[in-house]
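Undergrad: My questions will all concern the structure given below.
The values are calculated or read from the model by the stated rules, or taken from the named source; none is laboratory data. Source: prediction; values computed, not measured. So basically every Cβ, Gly included, is an ideal-geometry build from the backbone, and we count neighbours across all protein chains shown.
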Amino acid sequence: HLHPSDIQQMERGSVVRRSDCRAKGGAPGFKVAILGAAGGIGQSLSLLLKMNPLVSVLHLYDVVNSPGVTADISHMDTTAVVRGFLGQPQLDSALTGMDLVIIPAGVPRKPGMSRDDLFNINAGIVKTLCEGITRCCPHAVVNLISNPVNSTVPIAAEVFKKAGTFDPKKLLGVTKLDVVRANTFVAEVLGIDPREVEVPVVGGHAGVTILPLLSQVKPPCSFTSEEIHYLTDRIQNGGTEVVEAKAGAGSATLSMAFAAAKFADACLRGLRGDAGIVECAFVASQVTELPFFASKVRLGRGGAEEILPLGLLNEYERAGLEKAKKELSESIKKGVTFITK
Ligand code: NAI
């Protein structure tokens, strides 16, 4: 109900109509779905994306508890319109019309488990969700978080290929947490603000496949060989550090949500047409002989529009690269055969 003074103002043209409120002066808004939104990562990620002014519509899908998370997040007084979807029968409605789909669905690690131990459960979940994407939003950019990323990204690619909708530029495995950790640990060693540090992390997202390129750190700096060993080991095992500290209560969720929100924001700025957006991600690639590899990519209107070369590696990094490729190759094959077998 309008107050009489509102009506007077409206007649003078100074009150926006309710239906106009969402438009915000024509600023672009993107439709984003989070699959697994009620989980440890999903809840914090939903919160952070509800705060992102580039998001106009936020769909929260899970097989449990999404109505509660949706009610809660929807009370935040930010622009995005939030809608909840519960269970498989609502998957298609959750996905229809989305520009960006973020997938943190699946089980996390417990102490003593490797990311590969999650394969049996998470492979099937990722397959089902990606089949939904082929039906409802085949042109959306996909940010895949569910582990083991080194295998789930090849699974997603095979599902998309089978449906004839695969666009290699639109499928990105999220390795941003490795970069976030690397920036933090390197900044600690250098004694500077982590926001000033940029560490490229290439390869994949598990153990030795996580390859920080410490010779390419910005700002330019040098490390002793002890520092290089310490940093490489800590970056590769950062996930396990959290899994052990949580002692059975899961893996990284808060720092992961932070990393995923930053990565999603970069993808949205790319979709908007901003220039010079570069992030590391695990993508279909020709940077090595492997079909997938994490490296710096330039994000644009079409997704990962350009895969940037690895640049110069030192001897230590070249040795790390060989180890990484060996393990990666197996993980990629495992993902591909899950669909093609
Ligand atoms: P969680 O168990 O707290 O949440 C997972 C959520 O997925 C739950 O709410 C669950 O109901 C939901 N889910 C299960 N099956 C589903 C389905 N078929 N459709 C939709 N939702 C479904 O786990 P958490 O800690 O949030 O981790 C999620 C995933 O992210 C795990 O696979 C974990 O290994 C991975 N992860 C990846 C990282 C990366 O850097 N890429 C870092 C940390 C975790």
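Undergrad: Looking at (1) crowded, with 18+ Cβ neighbours inside 10 Å; (2) closer than 30 Å to V55 by Cβ, which is the one condition that is false for R298?
TA: Among (1) crowded, with 18+ Cβ neighbours inside 10 Å; (2) closer than 30 Å to V55 by Cβ, the lone unmet condition for R298 is (1).
Undergrad: Right, something else. Does the range 207-231 hold any residues that are among the small types (G, A, S) and under 18 Å from V287 (Cβ atoms), and which are they?
TA: S215
Undergrad: Given (1) more than 22 Å from L171 (Cβ to Cβ); (2) in contact with a Phe, Trp or Tyr (Cβ under 8 Å, 6 or more places away or on another chain); (3) of a type in the set (S, T, N, Q), where does S285 come up short, assuming only one miss?
TA: All conditions are met except number (1).
Undergrad: Scan the range 186-205 for residues that are crowded, with 22+ Cβ neighbours inside 10 Å and not β-branched (V, I, T) and jot them down.
TA: P200, G203, G204, H205
Undergrad: May I pose another question? Considering only the range 238-284, state which residues are buried (at least 16 other Cβ atoms within 10 Å of the Cβ) and outside any helix (DSSP H, G or I).
TA: The answer is G250, S251, A252, T253, I277, E279, C280, A281, F282, V283, A284.
Undergrad: Can you name the residue in the range 119-143 that is away from the ligand (no atom under 11 Å from the Cβ) and β-branched (V, I, T) and is also surrounded by the fewest Cβ atoms within 10 Å (Cβ to Cβ) among such residues?
TA: Here the answer is T134.
Undergrad: Shifting gears a bit: Within the bounds of the range 29-48, is there any residue that is modelled with pLDDT of 95 or more and surrounded by fewer than 18 Cβ atoms within 10 Å (Cβ to Cβ)?
TA: yes
Undergrad: For the range 291-324, what are the residues that are in a strand (DSSP E or B) and among the basic types (K, R)?
TA: Once the filter is applied, which keeps residues that are in a strand (DSSP E or B) and among the basic types (K, R), the range 291-324 yields K296, R298.
Undergrad: Let me spell it out: the conditions are (1) within 10 Å of the ligand (Cβ to nearest atom); (2) modelled with pLDDT of 95 or more; (3) surrounded by fewer than 19 Cβ atoms within 10 Å (Cβ to Cβ), and V107 meets all of them except one. Which number is the exception?
TA: Looking at each condition in turn, V107 falls short on (2).
Undergrad: I'd like the residue in the range 67-92 that is polar (S, T, N, Q) and touching a residue at least 40 places away in the same chain (Cβ under 8 Å) and, out of all such residues, is surrounded by the fewest Cβ atoms within 10 Å (Cβ to Cβ).
TA: Among those that are polar (S, T, N, Q) and touching a residue at least 40 places away in the same chain (Cβ under 8 Å), it is Q88.
Undergrad: Among residues belonging to the range 111-139 that are under 21 Å from M256 (Cβ atoms) and of a type in the set (G, A, S), point out the one that is farthest from the chain's Cα centre (by Cα).
TA: If we take residues in the range 111-139 being under 21 Å from M256 (Cβ atoms) and of a type in the set (G, A, S), then G112 is farthest from the chain's Cα centre (by Cα).
Undergrad: Could we say that R115 is out of contact with any strand residue (DSSP E or B) (no Cβ under 9 Å at 6 or more places or on another chain), within 9 Å of the ligand (Cβ to nearest atom) and not acidic (D, E) here?
TA: Judged against the criteria, R115 is a match.
Undergrad: Here is a follow-up. Where in the range 23-115 are there helices (runs of 4 or more DSSP H), lying fully within it, with 3 or more residues that are under 23 Å from V153 (Cα atoms)?
TA: 40-50, 91-95
Undergrad: Against the conditions (1) within 13 Å of D265 (Cα to Cα); (2) under 16 Å from the mean Cα position of the chain (by Cα), where does G29 fall short? Just the number, please.
TA: Exception for G29: condition (2).
Undergrad: Then there is this: Scanning the range 206-224 for residues that are polar (S, T, N, Q) and surrounded by fewer than 23 Cβ atoms within 10 Å (Cβ to Cβ), which turns out farthest from L100 (Cα to Cα)?
TA: Selected residue: T224.
Undergrad: Mind checking which pairs have a first residue in the range 46-66 that is closer than 21 Å to T128 by Cα and more than 12 Å from the ligand (Cβ to nearest atom) and a second that is in a loop (DSSP other than H, G, I, E, B) and of a type outside the set (D, E, K, R), Cβ under 6 Å, 6 or more apart or different chains?
TA: Every condition considered, the pairs that remain are L58/A80.
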